[in-house]
1. Quick check on packing: order 65-75, 86-96, 109-119, 6-16 by the mean number of other C-beta atoms within 10 Å, highest mean leading.
2. Run the dipole for segment 62-120 about the Cα centre, Lys and Arg Cβ at +1, Asp and Glu Cβ at -1, nothing else charged, and hand back the magnitude in debye, nearest 20.
3. Would you list the P(r) distribution for segment 36-109, with all Cα-Cα distances sorted into 10 Å bins from 0 and each bin expressed as a whole %?
4. Mind listing the long-range amide H neighbours of N112? Cut-off is under 5 Å, sequence gap 5 or more, other chains count too, H placed in the peptide plane at 1.01 Å from N.
5. Can you give me the relative contact order of the chain as a percent, contacts being Cα pairs under 8 Å and 6 or more apart?
6. First obtain the Kirkwood hydrodynamic radius of segment 1-139 from its Cα pairs, then insert it into the Stokes-Einstein equation at 25 °C and 0.890 mPa s, and state the resulting D in µm² per second as a whole number.
7. Loop by DSSP (not H, G, I, E, B), at most 16 other beta-carbon atoms within 10 Å: where is the longest site-free stretch of the chain for GluC sites (Glu not before Pro)?
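Read-outs: derived from the displayed coordinates by stated rules, not from any lab. On a predicted model such as this, the values are computed, not experimentally measured, just so you know. Note that we place each Cβ from the backbone using ideal geometry, even for glycine, and neighbour counts take in every protein chain shown.
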Amino acid sequence: MAKKLVGFIAYTALVALFIILSIDFYLSREHYDPSIDAFLGNSEKYEGKYSKFAGPVINVSGSSFYMRVNQRPLKVYHANLEKPKFGQVYVWARLNSDGTAEAIEVHNFSYNYAKYFLSFFAFILFLLIFFREWKFKGWRLVENA
């Protein structure tokens, strides 16, 4: 009986914690940076606010560049951007009412996607080493002696 009571109290406390965190999130949502969908949907509302975006660069011109943020294009005004190689760009920007942004800071993460290629080959190597030592026998793993 005592175990059930402790379990019920723990479950109730956990549910109450999730409810409190959810309420806090929804009440303080206007203080968070806008998402790209919210910004492009109502750019006049977010004019003059600051936000951070990350994504690959689509096109670079002399005074601006286009980047893809959550599959949506965003025009960012920043002169002389060097397009990252196999990576993405991270931008801290001031938002404009016409759906564009003026970059304050720009960070290039060149070769950022190389870690995924390296991880793939490391996983294949791990599987090869693992199955040299172990084999399936029925539903169990046994040592390959």
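1. Put in order of decreasing packing, that is 86-96, 65-75, 109-119, 6-16.
2. Charge dipole of segment 62-120: 220 debye, to the nearest 20.
3. Bin by bin from 0 Å, the calculated values are 22, 59, 18, 1.
4. Here G87, Q88 satisfy the definition.
5. 16 percent
6. Calculated translational D: 127 µm²/s.
7. Result, exposed sites excluded: 83-145.
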